[in-house]
Amino acid sequence: MPSSPVTSPMTAVRLAPPHAALSGHIALPGSKSITNRILLIAALAKGKSHISGALKSDDTTYMARALTQLGVTITETGDTDFLVESSGTLAPSQTPLFLGNAGTAVRFLTAAAANIAGTTVLTGDAHMQKRPIAPLVEALNATGITASAPSGCPPVTVTSNGGFATRSIDVDASLSSQYVSALMMAGIKGTGPFSLKVKDGDIGARGYIDITIACMRAFGAEITQTGPLSWDIGSRPYQARDYRVEPDASAATYIWGINALLNTDIDIGIAPRDMMQPDAKAYDVIAQFPHLPAVIDGSQMQDAIPTIAVLAAFNMHPVRFVGIANLRVKECDRINAVATELNRIQAGLAQEIGDDLLVTPDRTLIGRTLAADIETYHDHRIAMAFSQAALVIHGLRILDPGCTAKTYPGYWRDLQSVGVEMRFE
């Protein structure tokens, strides 16, 4: 049985701007996006699959725990290893699947529940119950499954005879590419190919679909792209295998940002070009600091935008972030959160313009003392993004630092290991 999610009694952390150059090596956690995909795919494969380099965090713990409720045996065989043993078929759970605020887990398992003969209820915490899932529910109902989410957000109830009755569907992916990934991974189960098309040719982060396809193919799936945003997925069963998860590119953005802001060279042991995750593209943008582009399209590197937006507060000229509307439906409204907290540091640093974010920098903030408490909205990415600001401005205090356990439980420890001084309160 996977261990319990990480919890922390810490209410705040103060970082001290360093007196000397930071140096050392940080071993990043495994990719959350890949870990949760591989856990599900391995659970749908008959046999034993050994997953190494995996992320152990709140989100992946919720996923692993839910899969054990569905009859899969998951054993932690090391700090970053899982052994997944499955019959290849998920069994009904007599109790709801509680998934905290793990968006990938609830969306992937909502689609996977279509392959369970019976009724499956999926729910989460108060934050999860504000995250939209209606387009995925609508797509499932179009396949002959009975799915409902009265509020348009979890809880979700899925009732099925054990598979998709209709093997060709369209899905609205304008809010999240995870709806497409969820249907892809679940659609392999059944007789005959499963055809999937994105409605209106509109999708959030296309790069995450490519990750899903790569993970599925690693376990033997046959996938043919039939159009710009349409695919045929063969019914060849997944094959159990061993898989190594690459380091998390979203986590890497915080270290890249710190390196750029402080002109340091903390080593993370992997080059951006060797990562398949979309956020790896953020490296080329961050490397231009303090001359970040005047306009940055965040549509294909959404999780990196809080990092870059905080960095932009110390840029040489204003930066406008576009293509980021989906950030409003993440763990929190990240556009509003970033703008609010930048303006808490100094009024006028950020402005919401529709669904765009304009950051007007002030480089004189570097080295100043400003007493401010940074709210994190129980969002790991807000906490880690603002750690950059706390390393150049004295007096900033980041609230609820334990929220980083969602995807990076060792973040503060790793910063300490390269020379960052901090005090927990």
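Derivation of every value follows stated rules applied to the coordinates shown; laboratory data play no part. All of these numbers come straight from a predicted model, not from anything done at the bench. Glycine gets a Cβ as well: all are built from the backbone with ideal geometry, and neighbour counts include every protein chain shown.
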Legend entry - Cα-based Rg and Dmax for the chain, where Dmax is the largest Cα-Cα distance (Å): 21.2, 65
Inset, instruction - Figure the gain on full extension for residue 421 and residue 217 (residue separation times 0.36 nm, minus the Cα-Cα span) and round it to one decimal in nm. - result: 69.0 nm
Inset, instruction - Would you mind calculating the gained length between residue 87 and residue 126 on full extension (0.36 nm times residue separation, minus the Cα-Cα distance), in nm to one decimal? - result: 10.7 nm
Inset, instruction - Could you tally up the Lys pairs in the chain with alpha carbons closer than 14 Å? Skip any pair fewer than 8 positions apart unless they're on separate chains. - result: 6
Inset, instruction - Specify the angular offset, from 0 to 90 degrees and rounded to the nearest 10, of the alpha carbon long axis of helix 103-112 from the longest principal axis of the alpha carbons in the chain. - result: 10 degrees
Inset, instruction - First obtain the Kirkwood hydrodynamic radius of the range 32-244 from its Cα pairs, then insert it into the Stokes-Einstein equation at 10 °C and 1.306 mPa s, and state the resulting D in µm² per second as a whole number. - result: 95 µm²/s
Legend entry - On Cα atoms only, tilt of 58-69 relative to the major axis of the chain in degrees: 20 degrees
Legend entry - For the chain, size of Cβ-based charge dipole, Lys and Arg +1, Asp and Glu -1, in debye: 580 debye
Inset, instruction - Output ³J(HN,Hα) for the range 372-387: one whole-Hz value per residue in order, computed from phi by the Karplus curve 6.51 cos²θ - 1.76 cosθ + 1.60 with θ = phi - 60°, and x for Gly and Pro. - result: 8, 9, 8, 6, 10, 6, 6, 10, 4, 6, 5, 4, 6, 4, 7, 4
